[in-house]
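Input: a single structure, listed below in structure tokens.
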Amino acid sequence: MRVALGVAGGIAAYKAAELARRLQEGGLEVQVVMTAAARQFVTPLTFAALSGRKVITEMFAEHGGDEANLSSAIEHVAVAQDIHALVIAPATANLVAKLAGGIADDFLTTLYLATRAPTILAPAMNVNMWEHPATQRNLQTLAERGVRIVEPEEGYLACGMTGAGRLAGVETIAQAVFQALGAAGDLAGETLLITAGRTEEALDPCRFLSNRSSGKMGTALAEAARRRGGQVILVSGQASVEPPAGVTLERVRSTEEMAQAVEKHVQEATMVLMAAAVADFRPAHTATTKLKRASVPPALKLVPTRDILGEIARGKKPGQLLVGFAAETENVLANAESKLRAKGLDLMVANDVTQPGAGFEVDTNIVTLLFPDGRQVAIEKMSKLDVAHRILDALVEMRRKSAEPKTDAPAPPRTKLKRAGKSR
Ligand code: CTP
């Protein structure tokens, strides 16, 4: 999800840099927009370096199309349509007044008028300016319009006075943004139980059987789901990527541990996505001390592990959506199709791990989505985060469809059927 971070001209402008970083840690893309006054306090370069994007500084290119400015007469509309939230921190008394009055004389104030995304304001100013009836009236007007105000804190102010007016803490503002996005996301109200990574089945305290899964696909799903407002429970086996912030995390090693963690949370989950590469077999015996060369059995005895997804499918709650993943090396679609049916899933994500740019370790994937009605949707090579969004799009679509009234059901009779007239 993308947010615009508006920075107005106040001493607290430097704190917006920390906010930009916090929002990014929360998985958001941040487009910084600075007012001319803000640039007196912090340079756009600081924000450009932090956000990895050019900073929008003014409405029209000041220097005849200066490439450094992303400004154009229509760009505010593009940004306004592209963002999922607008957060302004710090918001000065002057900016608050302009927003309340609908004045649009620079990029930030124009963006506020042009966007339908939720807006969050974190004011910061001198205590007398904060308490002035003009400011209070303006804030009230904005609050009545649905703007969320993150109230400033009391304390020592840069002007030397003490009182209300200090910019709220970065975490408080960030949480207000996450909350606003959660309410706006299309997975709001859903709890997604996602597994990621690989399981490890111990042979002895030093050795294990495992596979090449990196955990990137499951982690991308967790990140994408959280950005879209879902509550995410991530059960992660070993992985080469860090889990995203803002999810409930359960770390596991073996298939049995993964099964238990999934079991613990499955009742609260409205969607279950088993992206983990789970071992199908484990050693029949795990030695408690390191196996010595002389004592290693010539043939390793393996026993099957629990089929976690299969177990969930058998006890599936009404309305719960189950997604499986099939990493295959041959007969990809046929194998995936039979697993979809055998496990009774709502969606199967198949990929051929032998294809370059797909499967283990790489950041991209090439998948086909298989649906129970026989539909197959091939998705071209794209980043695992984008693939994650496609999978979630499919689930959101299923929810939308099942909420629609059935059109193929016979229309109810206009008059009450009499016993004699009832068709048998
Ligand atoms: N899975 C599971 N528990 C297991 C093995 C697999 O929950 N013990 C899940 C995987 O996370 C995946 C789906 O089942 O979502 C398909 O996994 P896969 O290993 O491809 O299928 P299997 O049913 O194990 O069939 P096979 O290994 O024979 O291809």
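The values are calculated or read from the model by the stated rules, or taken from the named source; none is laboratory data. It should be emphasised that the depicted structure is a prediction, and the values quoted were computed from it without experimental measurement. All Cβ positions, glycine included, derive from the backbone under ideal geometry; neighbour counts span all protein chains shown. Note: areas computed on protein heavy atoms with side chains; ligands, DNA, RNA excluded. Shrake-Rupley method; radii C 1.70, N 1.55, O 1.52, S 1.80 Å.
Computed quantities for the displayed model
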read-out	value
Three-way shape call for the range 2-181 based on the alpha-carbon gyration tensor, with the a/c threshold at 1.5	rounded
Distant-in-sequence amide H partners of Ala326 (H built 1.01 Å from N, under 5 Å)	Val349, Ala350, Asn351
Estimated vicinal HN-Hα couplings, Hz - the range 299-310 in sequence order (Karplus 6.51, -1.76, 1.60; Gly, Pro = x)	10, 8, 8, 10, 10, x, 8, 6, 8, 4, 5, x
Interchain or long-range residues, amide H under 5 Å from Ala91's placed H	Ala122, Ala124
Low-density loop positions, GluC sites (Glu not before Pro), the range 343-401 - DSSP coil, at most 16 other Cβ in 10 Å	Glu361
Heavy-atom surface of the chain, accessible at 1.4 Å and reported per residue (Å²)	50
24 Å Cα-Cα threshold exceeded, pairs from Lys216/Lys401; Lys301/Lys339; Lys264/Lys316; Lys381/Lys401; Lys343/Lys381; Lys343/Lys401	Lys216/Lys401; Lys301/Lys339; Lys381/Lys401; Lys343/Lys381
³J(HN,Hα), Karplus 6.51/-1.76/1.60, whole Hz, each residue of the range 141-157, x for Gly, Pro	4, 5, 4, 5, 7, x, 6, 8, 9, 9, 4, x, 9, 8, x, 6, 9
Mean Cα-pair separation over length for the chain, i.e. relative contact order, pairs under 8 Å, 6 or more apart, %	10
Per-residue ³J(HN,Hα) for the range 267-272, Karplus 6.51 cos²θ - 1.76 cosθ + 1.60, θ = phi - 60°, Hz, x for Gly and Pro	5, 7, 7, 9, 9, 10
Top of Ser214, Ser240, Ser402 by mean-square fluctuation, Gaussian network on the chain, Cα under 10 Å	Ser402
Filtered chymotrypsin sites (Phe, Trp or Tyr not before Pro), the range 75-179: DSSP coil and at most 12 other beta carbons within 10 Å	none
Of all accessible heavy-atom area on the chain, the percent that carbon and sulfur account for (1.4 Å)	53
